[in-house]
Amino acid sequence: IGRPVWLPDGRGLLMSMAEPDPAQRGQIWYYDYATGKMTRFTNDLTNYDLCCLDVTHDGGTLASIEDTTQASLWLVPGGESAQAKQITSGATVTNGLWTTTGSILYASGNEVWSMDADGSHRARFATISTGGERRVLNASVCGDGRHLLLTVAEGGKFNLARIDADGSNFTLLT
């Protein structure tokens with residue numbers, strides 16, 4: 001629960017709240033002081049930061065900070081930082097790994113993507129979805145290259161899962 005803010009008329013307050021699951025987004029809630037009832041004020045894809053919520057003295061304008069993360073995948077040949085090349089942008093990359101065939105797989109949200117080593121020929125490899133907010137956090141290619149092991153987060157829990165190297169047969173292991 002973020003910092004609560006009283007509304008100017010004193011009838012209630014607003015606050016940002018989020019589940020402890022890292023895949024859940026912060027939303028703004030209204031608490032009615034007279035009834036004790038909580039009502040969701042926002043219901044969108046924005047992740048409202050818990051730290052910073054305020055309302056103007058006349059109650060006409062709400063201010064909040066959107067919490068976003070953006071990470072990119074870079075290649076650094078031979079450890080030479082002057083030769084570093086960014087090969088992804090625009091999507092949050094949580095993990096990048098080499099396959100046994102020399103291509104790269106990376107996780108972004110609930111999807112795993114593949115691309116050539118130079119960043120070309122990007123294609124969705126697999127979508128890991130249950131209709132919920134499942135996120136792929138990490139991936140690892142098995143030694144024989146036939147499977148990937150995934151760390152997935154959903155509902156405040158972290159699980160280990162396996163998927164075949166062709167993107168099929170998603171199976172939760174824990």
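The values are calculated or read from the model by the stated rules, or taken from the named source; none is laboratory data. As the structure is a computational prediction, the values presented were derived from the model and not from experiment. Here Cβ is always computed from backbone atoms with ideal geometry, including for glycine, and neighbour counts include all displayed protein chains. Protein only, heavy atoms only, side chains kept; ligands, DNA and RNA dropped before computing areas. Shrake-Rupley method; radii C 1.70, N 1.55, O 1.52, S 1.80 Å.
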Between a residue in region 48-74 that is free of Cβ contacts under 8 Å to residues at least 40 places away in the same chain and of a type in the set (Val, Ile, Thr) and any residue that is surrounded by 11 or more Cβ atoms within 10 Å (Cβ to Cβ) and part of a loop (DSSP other than H, G, I, E, B), which pairs come within a Cβ distance under 6 Å, given they are 6 or more apart or on different chains? Thr69/Thr92
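For every residue, the table says whether it meets (1) open to solvent by less than 80 Å² (accessible area, probe 1.4 Å); (2) out of contact with any Leu (no Cβ under 9 Å at 6 or more places or on another chain).
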residue	(1), (2)
Asp54	yes, no
Gly60	yes, yes
Ile65	no, no
Ala71	yes, yes
Selection over region 6-46 where residues are within 17 Å of Glu66 (Cβ to Cβ), open to solvent by 60 Å² or more (accessible area, probe 1.4 Å) and of a type in the set (A, V, I, L, M) yields a count of 1
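Here's a check for you: in region 35-53, which residue that is modelled with pLDDT of 90 or more and not aliphatic (A, V, I, L, M) is nearest to the chain's Cα centre (by Cα)? Break it down into steps so the answer makes sense when it comes.
Going through region 35-53, the residues modelled with pLDDT of 90 or more turn out to be 35-42.
Imposing the further condition that a residue be not aliphatic (A, V, I, L, M) reduces the set to 35-37, 39-42.
Values: Thr35: 35, Gly36: 32, Lys37: 30, Thr39: 25, Arg40: 21, Phe41: 22, Thr42: 19 Å.
So, considering only residues that are modelled with pLDDT of 90 or more and not aliphatic (A, V, I, L, M), the one nearest to the chain's Cα centre (by Cα) is Thr42.
When you look at Asp49, is it open to solvent by 50 Å² or more (accessible area, probe 1.4 Å) and of a type in the set (Asp, Glu), yes or no? Steps first, answer last, please.
Values: open to solvent by 50 Å² or more (accessible area, probe 1.4 Å): no; of a type in the set (Asp, Glu): yes.
Judged against the criteria, Asp49 is not a match.
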